[in-house]
Amino acid sequence: MTILFLVWARQSIRAHNISKALGARLYLLSTSPVKHPVLFVKTIRILLKERPTVIICQSPPISCAFVAIAYSYFFSIMSKPKIVIDTHSGAITRPWSRRVTEFIMKHVTTNIVTNYELQDYILQNYGVKSIVLEDPIPDIADKRSLMKRHGRKIQGNGTRVAVISSFEKDEPLEAVFDAASELSEVRFYVTGDKSKVNNNLINRKPGNIILTGLLSYDEYISLIQQVDIIIDLTTDDGTMVAGAYEAVALEQPLITSNWNPLRRYFNKGTIHVDNSPEDIIQAIRQAQDEKEELRGQMRQLKVEKINDYRRKIYEFKNLLIQLRPHTTLEEQASTL
């Protein structure tokens with residue numbers, strides 16, 4: 001079984017980790033939305049060369065899955081591939097076109113989502129059943145020697161906090177900045193492209209916040225390994241934040257938002273907050289007091305989640321073998 005994972009973006013941690021677990025070939029194809037016809041051609045060429053039996057397409061954009069469907073109908077008549085959409089929250093809560101998204105989701109083999117809330121949302125709003133496949137805990141233990149050579153050494157004493165960010169609209173960074181202004185003894189390292197920071201946020205930045213700018217992967221891992229606490233927040237109640245999985249992998253205390261999917265998955269070594277400055281301040285102080293206990297809980301959570309994912313990925317592989325290229329909604333009902 002040849003599996004391809006197609007992503008129309010520069011990077012995708014989820015796609016990388018799932019591809020590794022499935023033994024899939026990952027293609028990251030990036031350009032601007034106005035150049036999507038270029039990606040259409042590139043994607044068709046890849047599919048014609050690889051002739052996969054399974055195609056997994058990350059959405060958004062939904063147009064990636066549309067290309068896979070076009071390939072199946074016009075270029076792979078004798079042996080149609082199974083097409084899976086890896087549906088992220090933005091693809092369904094803020095779709096480019098609801099009707100187009102629904103049409104495409106109903107014309108693939110199956111859809112996968114990160115949590116049960118998204119599964120229910122798709123069923124209620126699109127009439128599409130899906131499979132829950134959470135992110136794996138990333139395997140970054142083998143990066144430690146590389147980090148020693150290429151990572152940036154954090155200077156200074158006191159509590160150090162990494163705030164995982166890409167400066168997207170769902171990140172309550174104003175609350176983090178306000179909290180930092182009340183915790184002058186704590187240093188906050190905010191990741192992400194500084195060119196995306198708006199002036200309002202810059203104007204309220206206290207001196208103990210360091211904007212790291214874009215980091216290489218090794219520099220990023222080095223940073224979050226050296227800090228005392230990792231913060232990754234979202235205002236989207238259906239989003240699973242990538243930095244939280246990395247906190248588990250590195251057995252670091254985590255502060256994340258108090259949404260059901262995050263509370264259910266990250267149930268050890270984690271403090272959940274309501275995204276307010278007051279709650280963030282209280283959580284940081286609690287994490288300072290309970291640092292070693294939280295790290296011990298994270299070690300337990302890491303073992304649990306790795307073992308759980310091995311079982312789920314095995315079941316998912318078997319499901320891919322059993323599913324026909326075009327299934328009914330009832331046949332899509334199986335969940336992991």
Given (1) out of contact with any Gly (no Cβ under 8 Å at 6 or more places or on another chain); (2) at pLDDT 95 or above, where does Asn318 come up short, assuming only one miss? (2)
Among the residues of the range 286-302, write down those that are more than 20 Å from the chain's Cα centre (by Cα) and without any contact (Cβ under 8 Å) to a residue 60 or more places away in the chain. Gln286, Ala287, Asp289, Glu290, Glu292, Glu293, Leu294, Arg295, Gly296, Gln297, Arg299, Gln300
Residue by residue through the range 262-289, note down the ones that are under 26 Å from Asp237 (Cβ atoms) and either of a type in the set (D, E, K, R) or touching a His at 6+ places or on another chain (Cβ under 9 Å) (or both). Leu262, Arg263, Arg264, Phe266, Lys268, Asp274, Glu278, Asp279, Ala283, Arg285
Would you confirm whether or not the range 272-287 contains a residue that is farther than 19 Å from Phe177 by Cα and not assigned by TED's automatic domain parsing to the domain that holds Ser19? no
Within the range 265-297, the residues that are among the basic types (Lys, Arg) and in contact with a helix residue (DSSP H, G or I) (Cβ under 8 Å, 6 or more places away or on another chain) are Lys268
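Matching residues to (1) surrounded by 17 or more Cβ atoms within 10 Å (Cβ to Cβ); (2) at negative phi; (3) modelled with pLDDT under 95; (4) in contact with a Gly (Cβ under 6 Å, 6 or more places away or on another chain):
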| position | (1), (2), (3), (4) |
| --- | --- |
| Gly192 | yes, no, yes, no |
| Asn198 | no, yes, yes, no |
| Gly207 | no, yes, yes, no |
| Gly213 | no, no, yes, no |
| Ser216 | no, yes, yes, no |
| Ile221 | yes, yes, yes, no |
| Val227 | yes, yes, no, no |
Of the residues Val100, Val41, Val54, Val67, which single one is more than 22 Å from Val241 (Cα to Cα), at pLDDT 95 or above and out of contact with any Lys or Arg (no Cβ under 7 Å at 6 or more places or on another chain)? Val67
Answer yes if at least one residue in the range 1-10 is surrounded by fewer than 20 Cβ atoms within 10 Å (Cβ to Cβ) and within 19 Å of Ser89 (Cβ to Cβ), and no otherwise. yes
Residues that are farther than 17 Å from Ala24 by Cβ and in the same structural domain as Gln11 (by TED's automatic domain parsing): which strands (runs of 3 or more DSSP E) entirely in the range 44-115 hold 2 or more of them? none
Among the residues of the range 202-222, is there at least one that is touching a helix residue (DSSP H, G or I) at 6+ places or on another chain (Cβ under 9 Å), among the charged types (D, E, K, R) and in contact (Cβ under 8 Å) with a residue 60 or more places away in the chain? yes
Please state which one of Arg310, Arg263 is free of Cβ contacts under 8 Å to residues at least 12 places away in the same chain and within 17 Å of the chain's Cα centre (by Cα). Arg263
Going by the structure shown, is Ala249 among the aliphatic types (A, V, I, L, M) and more than 21 Å from His16 (Cα to Cα)? no
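The values are calculated or read from the model by the stated rules, or taken from the named source; none is laboratory data. On a predicted model such as this, the values are computed, not experimentally measured, just so you know. Don't worry about glycine lacking a Cβ; one is built from the backbone with ideal geometry, like all the others, and counts go over all protein chains shown.
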